[in-house]
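A short write-up of the structure that comes next.
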Amino acid sequence: MFRIGDFSRIARVSARLLRFYDELGLLKPAHADAQTGYRHYTVAQLAQLNRITVLKDLGFSLEQIGEILKAPLAADELRHMLLMRRNDAEHRLAQEAQRLRHIETRIAQIEADGVLSVDDVVERAEPARRLLSLRRQVKSFAEARALIPLLRDQARPLLPKAHTCPLVVVAHAPQFEADELDVEFGYSVEALSPPAPAKSSLLGLRELPAVARMAVCVRVGLPEDAHLVTAKIGRFIEANGDVLDGPSREVFLRPPDPQHMEASMVEMQFPVRRPVPGDL
């Protein structure tokens, strides 16, 4: 089982929203500690959470969703509703189209519930890295993407023109909040010896520690759709009886184009460890 913060990272749904859904009775935790009140969830609850997310994005009120969930809709019924909604939304702005695509990926996860393969999730050690980076708290993925050209401009005087340093992103928040992202973007420069940034620079040079056990899986596409990959990783972690152990990372396997992030190829990394008393 996962604590609420860890489950929010796996599901890519706000922990605040999970607490709210618990209060409304839409998604009760699998276990709530009677003494501490800590909520714990299982990967199996992703299906119910995805149904709530889809119905909410389709325009149903939370009260209506509660009634609908008493007789759960099949994925094909949800998809039919989505298609009807899409026909109504054809003339809306690109942001609306992107939101609908996000709904599709949630439905795909519902369809894959129980058969979601973890064959492409592996566990390995991750070496230490020297990171030339900047860290910010931002309110959206779009705002986070804007940090890439800022990092590139700030790093240009410190790195060779033709450098191929991998871009690494560290998600520092202990829980997932789409409007409160604590992210660090940096170049992995251990193969180089860049000078220390000037005091006026926005960058810092630091050591990113090695991780003995990292659950990893490759994502192609936008971070808004990463829940399909994080769900695989979550299923892998739970099946092995492990728990999350610190900030997740993303390593770009090819240089990103901020204008075409949908083509990004990224290795998503979650550090794991064996549970100890007090974790559950």
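The values are calculated or read from the model by the stated rules, or taken from the named source; none is laboratory data. What you see is a predicted model, and the numbers here were worked out from it, not measured in a lab. With ideal geometry, Cβ positions are generated from the backbone for all residues, glycine too; neighbour counts draw on all protein chains shown. What goes into the accessible areas is simple: the full protein's heavy atoms, side chains included, and nothing from ligands, DNA or RNA. Shrake-Rupley method; radii C 1.70, N 1.55, O 1.52, S 1.80 Å.
With angles folded into 0 to 90 degrees, how steeply does helix 46-57 sit against the dominant principal axis of the chain? Use alpha carbons for both and round to 10.
Between helix and principal axis, roughly 80 degrees.
Take LEU73 and GLU23, extend 7 Å from each Cα along the Cα→Cβ direction, and tell me the distance between the two endpoints in nm.
With each label placed 7 Å out from Cα toward Cβ, I get 2.6 nm.
So for the range 125-270, taking the charge dipole from beta-carbon charges (+1 Lys/Arg, -1 Asp/Glu), which of LEU134, VAL170, SER200 sits furthest toward the positive end?
SER200
For the chain, what are the per-bin percents of Cα-Cα distances with bins 10 Å wide, up to the bin holding the maximum?
Values per bin, smallest distances first: 6, 26, 33, 22, 10, 2, 0.
In deg cm²/dmol, rounded to 500, what helix-only [θ] at 222 nm does the chain give when every DSSP H run of at least 4 residues adds -39500 (n - 2.57) and the total is split over its residues? Intermediate values should be presented prior to the final figure.
On the way: 9 runs with 96 residues, N = 280.
Taking each H run of at least 4 residues, the total per residue is -10500 deg cm²/dmol.
State the percentage of accessible surface on the chain attributable to carbon and sulfur atoms; use a 1.4 Å probe and exclude ligands, DNA and RNA. Don't jump to the answer; show the numbers that get you there.
Values: 7710 of 14040 Å².
On the chain, the fraction of accessible area on carbon and sulfur atoms equals 55 percent.
Report, to the nearest 10°, how far helix 15-24 tilts away from the longest principal axis of the Cα atoms in the chain, using its own Cα long axis and a range of 0 to 90°.
10 degrees
So for the pair SER193, SER61, with labels modelled 7 Å out along Cα→Cβ, what separation do we get in nm?
Using points 7 Å along Cα→Cβ, the separation is 6.8 nm.
Are there trypsin sites (Lys or Arg not before Pro) in the range 119-154 that DSSP marks as loop and that have at most 12 other Cβ atoms within 10 Å, and which are they?
On the way: sites: ARG124, ARG129, ARG130, ARG135, ARG136, LYS139, ARG145, ARG152; in loops: LYS139.
Sites meeting the loop and neighbour criteria: LYS139.
What is the distance, in nm, between label points placed 7 Å from the Cα along the Cα-to-Cβ direction at VAL138 and at HIS31?
Modelled inter-label distance: 3.7 nm.
If eta is 0.890 mPa s and T is 25 °C, what Stokes-Einstein diffusion coefficient results for the range 113-179, Kirkwood Rh from Cα pairs, in µm²/s?
Numbers: Rh = 15.3 Å.
Value of D from the Cα-based Kirkwood radius: 160 µm²/s.
Provide the packing ranking of 76-87, 47-58, i.e. peptides ordered by the mean count of other C-beta atoms within 10 Å per residue, highest first.
Numbers: 76-87: 14.2, 47-58: 20.2.
Ranking, from highest mean packing down: 47-58, 76-87.
Any chance you could check the Cα centroid distance between the range 16-31 and the range 216-272 for me, in angstrom?
Computed from Cα coordinates, the inter-centre distance equals 25 Å.
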